1. Below 14 angstrom from the Cβ of Ser4, what's the summed charge of the other residues (Lys, Arg +1; Asp, Glu -1)?
2. Based on the Cβ-Cβ distance of Arg132 and Thr59, what FRET efficiency does E = 1/(1 + (r/R0)^6) give at R0 = 25 Å, to the nearest 0.05?
3. How high is the FRET efficiency from Ser82 to Glu24, r the C-beta distance, R0 35 Å, rounded to 0.05?
4. Amide H to amide H under 5 Å from Ala11: which residues, 5+ apart in sequence or cross-chain, H placed 1.01 Å off N in plane?
5. Please give me the summed charge of the neighbours of Thr70: other residues whose Cβ is under 15 Å from its Cβ, Lys and Arg +1, Asp and Glu -1.
6. Taking amide H positions as placed 1.01 Å from N in the peptide plane, with prolines and chain starts having none, which residues 5 or more places from Leu142, or on another chain, fall under 5 Å of its amide H?
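Every number here is computed from the coordinates shown, using simple stated rules; none is lab data. Owing to the predicted nature of the structure, the values given are computational and were not obtained by experimental measurement. Note that each Cβ is placed from the backbone with ideal geometry, even for glycine, and that neighbours are counted across all protein chains shown.
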Amino acid sequence: AIISLADSGAADQYFLLRIQGSSEDVTATTRQGSTANHNAPTKPTNGKWHHGAAVFATTSSRIAYIDGSTSGSNTSSKTPTSIDDTGIGRNVDSSPSEYFDGEIAEAAIWNVALTPAEVASLAAGFSPLFIRPDALKAYWPLGGALSGNDSDTDIMGTYQMTANGSPTTADSPAIIYPTSVISVVV
């Protein structure tokens, strides 16, 4: 699991971006009793940084991206309920599982469906702060230039993660951050 939104009291209610088992597909998964998956068009390469994204546009639309690319979507209707927990690097349903074996450099959540062009901008290295900041609800730089020593702190919302291990983004791709604006009044 790369990032999950789940009902912490149930095993079958969640939204999940993950690398799917032995097939190693980057997958957008919605589970409501049963699962509906959409796989990105190519697989990640071990030892290389990739950008993964999942867009859940409606109850019957889930799309997985790798490095800004996708193909099609899954249109099975699923509406997970009672979503009350967020996890980075694991699925946080009633039996936390699917622990991610790798490094995650940036994680973000919006309350809108991003367009393919917006996902491509993220894959090109632009910070989530550039992409619809009014709809950006959570953003964890996870060791990036904005995080300082609190890499588990959400800089957009009120989420607080509990780190498991030491975060590292050694050799991660450069992220393009906004520069601050200085106003001078004379």
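1. Numbers: positive: Arg18, Arg31, Arg62, Arg90; negative: Asp7, Asp12, Asp84, Asp85, Asp93, Glu98.
Residues near Ser4 contribute -2 overall.
2. Details: r = 21 Å, r/R0 = 0.85.
Efficiency at R0 = 25 Å is approximately 0.75.
3. Details: r = 30 Å, r/R0 = 0.87.
According to the calculation, E is roughly 0.70.
4. Under 5 Å from the amide H of Ala11 lie the amide H atoms of Ser94, each far enough along the sequence or on another chain.
5. On the way: positive: Lys43, Arg62; negative: Asp25, Asp67, Glu118.
With Lys, Arg at +1 and Asp, Glu at -1, the net is -1.
6. Distant-sequence amide H within range of Leu142: zero hits.
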